[in-house]
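The next block holds one structure in the form of structure tokens; read it before the comments.
The values are calculated or read from the model by the stated rules, or taken from the named source; none is laboratory data. Please read all numbers here as calculations on a predicted model, not as lab measurements. Cβ coordinates were reconstructed from backbone atoms using ideal geometry, including for glycine residues, and neighbour counts include every protein chain displayed.
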Amino acid sequence: MSDAAPVIRVETCGLAAVRRVAAMLDLDPDGWREGDPLPRGWQFILLGADTRRSALRGDGFPGLGVPLPELGLPRLMLGGRSVAFQGDIPIGATLRRESRMQSLTRKEGPNGPAAIATLLHALFLAGAAEPALTETQTYILLGPQASPRKAAEAAPVPERARRVVPDDTLLFQYSALGFNSHRIHLDRSYARDVEGFPDLVVNGGLATLLLTELLRTEKGRAPVSIKARHLAPLFCGRPMLLDVADGERGWLLRAYDDGGRVAVEIEAAAG
């Protein structure tokens, strides 16, 4: 655990931002009103950083509320996230967000020096002693020569899987709503020429959102927690296949890349 003081911000779960998320997802933006519960998975609009442009990393990553130290590791990837929903967040509510570096571990990997940074965010409703939501995000920092992750071997894709093709507009809107300026999502030349990807990379949070939305719309249920593993990148303009399968205590959500390989896997627990 880190002893550093948390970064504290006051956030408002504004109706305007919620309507824009709905519009991005091609839903009726007038379907939400103040006082309605924020759909679980939409909390990313409350976790955006306000890092000054002069303090951004070279890749444009803002730190999502907590500045990352300079470690000489210019490449950054999302490894996973865990979210616990202790209660609903009403649209229109004012919240206190506490963000801190939970842990930072340096290691030697197969491609040289690396580090694993885990950030912890907690959202408190006004006057509440316990958070309504906690989210941990794990990032992998790598040296400049590290190769992009590759997905595992192709697996059978369920016939019921939903096909989604993320385009430049979707990546832009999601990045703008979360104030995420990581250049692999916005700058095609940077993604290709510097990071070595074939195209813009789909935001890990966007892939998670699309999966939790599939759960919300197909099953009509709200999870009490999710645990996501990001196994390989997904790319702009290439089809993603999204699937929700029933499990013993909840659901297993998977996003397959255009080669039929699992790129994102989420365990969602039922209440």
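Go through the stretch 251-271 and count every residue that is of a type outside the set (Ser, Thr, Tyr) and part of a strand (DSSP E or B).
13
Give Arg40, Arg97, Arg81, Arg33 a once-over and let me know the one that is closer than 27 Å to Leu215 by Cβ, in contact (Cβ under 8 Å) with a residue 40 or more places away in the chain and touching an Asp or Glu at 6+ places or on another chain (Cβ under 6 Å).
Arg97
Output the residues belonging to the stretch 231-258 that are surrounded by 15 or more Cβ atoms within 10 Å (Cβ to Cβ), farther than 20 Å from Ala191 by Cα and touching a residue at least 40 places away in the same chain (Cβ under 8 Å).
Result: Leu241, Leu242, Asp243, Leu253, Arg254, Ala255, Tyr256.
Given the residues Thr118, Thr105, Thr169, which is the only one that is of a type in the set (Val, Ile, Thr), without any contact (Cβ under 8 Å) to a residue 24 or more places away in the chain and out of contact with any strand residue (DSSP E or B) (no Cβ under 7 Å at 6 or more places or on another chain)?
Every option except Thr169 fails the conditions.
Is the stretch 183-199 home to any residue that is under 25 Å from Asp50 (Cβ atoms) and without any contact (Cβ under 8 Å) to a residue 60 or more places away in the chain?
Yes; the residues of the stretch 183-199 include at least one that is under 25 Å from Asp50 (Cβ atoms) and without any contact (Cβ under 8 Å) to a residue 60 or more places away in the chain.
Would you point out the residue of the stretch 71-89, among those that are among the charged types (D, E, K, R) and more than 23 Å from Arg192 (Cα to Cα), that is surrounded by the fewest Cβ atoms within 10 Å (Cβ to Cβ)?
Applying the filter and picking the extreme gives Asp88.
Does the stretch 51-68 include one or more residues that are more than 19 Å from the chain's Cα centre (by Cα) and either closer than 15 Å to Tyr139 by Cα or in a strand (DSSP E or B) (or both)?
no
Need the failing condition index for Leu73 against (1) modelled with pLDDT under 95; (2) under 17 Å from the mean Cα position of the chain (by Cα); (3) hydrophobic (A, V, I, L, M, F, W, C), just the number.
It is condition (2) that Leu73 fails.
Could we say that Thr208 is under 30 Å from Asp88 (Cβ atoms), at pLDDT 95 or above, surrounded by 16 or more Cβ atoms within 10 Å (Cβ to Cβ) and in contact with a Leu (Cβ under 8 Å, 6 or more places away or on another chain) here?
So Thr208 does not fit the description; no.
Could you look through the stretch 1-49, keep only residues that are β-branched (Val, Ile, Thr) and part of a helix (DSSP H, G or I), and pick out the one that is nearest to Ser99 (Cα to Cα)?
Out of the qualifying residues, it is Ile45.
Would you point out which residue out of Glu248, Glu218, Glu213 is within 16 Å of Arg160 (Cβ to Cβ), outside any strand (DSSP E or B) and modelled with pLDDT under 95?
Glu218
Anything in the stretch 10-52 that is surrounded by fewer than 18 Cβ atoms within 10 Å (Cβ to Cβ) and under 19 Å from Thr118 (Cα atoms)? List them, or say none.
Asp50
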